[in-house]
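The values are calculated or read from the model by the stated rules, or taken from the named source; none is laboratory data. Please read these numbers as outputs of a predicted model, since none were measured by experiment. Positions of Cβ are backbone-derived with ideal geometry, glycine not excepted, and every protein chain shown enters the neighbour counts.
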């Protein structure tokens with residue numbers, strides 16, 4: 001059976017991952033990935049929302065036709081995919097906990113009058129982002145990766161902690177993106 005592989009931007013934008021494909025910049029890793037995709041027996045998909053996001057981060061103009069002929073750009077059929085209500089319940093509970101944690105972080109920083117304002121704001125943003133976004137689905141692009149994997153019974157290739165965590169909850173197979181070359185040639 002031919003695997004359907006769903007990818008996200010992290011494999012091209014996270015230096016720890018894209019350097020396992022190519023020692024150059026993200027665009028070099030994308031070109032190397034295209035070469036791997038052509039040799040692979042697997043069908044490789046990217047949700048359209050993720051593709052739009054990638055185009056905002058990396059200038060694909062010079063390789064757009066190669067990319068689009070190698071990677072299937074497909075949105076999940078959001079109208080016909082159903083998810084377990086317990087998953088929604090867990091997501092809402094997780095977000096409530098994260099929001100409360102973010103509020104406590106903001107309160108802590110508001111009380112600390114000893115630091116300079118620019119440094120304080122920078123630290124607050126970092127901690128707040130970590131509390132609210134790390135390890136969860138934090139964008140429509142992330143949700144589309146999960147939904148497309150459910151729709152196609154596919155394998156997710158992503159370095160995003162939130163995507164991988166929620167893939168686990170849904171029983172979706174994931175592959176460590178550091179093994180992209182081995183996985184696509186298998």
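Some values worked out for this structure:
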| read-out | value |
| --- | --- |
| Selection status of residue 160, crowded, with 22+ Cβ neighbours inside 10 Å and more than 19 Å from residue 88 (Cβ to Cβ) | yes |
| Filter result for the condition that a residue is within 18 Å of the chain's Cα centre (by Cα), at pLDDT 90 or above and not assigned by TED's automatic domain parsing to the domain that holds residue 128, over 71, 21, 63 | 71 |
| Checklist (1) more than 26 Å from residue 153 (Cβ to Cβ); (2) modelled with pLDDT of 90 or more; (3) within 19 Å of the chain's Cα centre (by Cα) applied to residue 48, failing item | (1) |
| Test: residue 94 is assigned by TED's automatic domain parsing to the domain that holds residue 46, closer than 30 Å to residue 169 by Cα and within 19 Å of the chain's Cα centre (by Cα) | no |
| Number of positions in the stretch 1-32 that are under 18 Å from residue 64 (Cα atoms) and in contact with a strand residue (DSSP E or B) (Cβ under 8 Å, 6 or more places away or on another chain) | 3 |
| Output for the stretch 60-87, where each listed residue is out of contact with any strand residue (DSSP E or B) (no Cβ under 7 Å at 6 or more places or on another chain), outside any helix (DSSP H, G or I) and under 21 Å from residue 139 (Cα atoms) | 75, 76, 77, 78, 79, 80, 81, 82, 83, 84 |
| Some residue of the stretch 164-179 being closer than 21 Å to residue 57 by Cα, assigned to a helix (DSSP H, G or I), without any contact (Cβ under 8 Å) to a residue 40 or more places away in the chain and in the same structural domain as residue 37 (by TED's automatic domain parsing) | no |
| Selection from the stretch 41-59 of residues that are surrounded by fewer than 20 Cβ atoms within 10 Å (Cβ to Cβ) and either out of contact with any helix residue (DSSP H, G or I) (no Cβ under 9 Å at 6 or more places or on another chain) or assigned to a loop (DSSP other than H, G, I, E, B) (or both) | 41, 42, 56, 58, 59 |
| Positions within the stretch 140-163 being touching a residue at least 40 places away in the same chain (Cβ under 8 Å), touching a helix residue (DSSP H, G or I) at 6+ places or on another chain (Cβ under 8 Å) and farther than 17 Å from residue 14 by Cβ, in sequence order | 140, 144, 149, 150, 154, 155 |
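To keep it simple, each residue is scored yes or no on (1) surrounded by fewer than 10 Cβ atoms within 10 Å (Cβ to Cβ); (2) closer than 30 Å to residue 3 by Cα.
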| position | (1), (2) |
| --- | --- |
| 73 | no, yes |
| 88 | no, yes |
| 106 | no, no |
| 116 | yes, no |
| 121 | no, no |
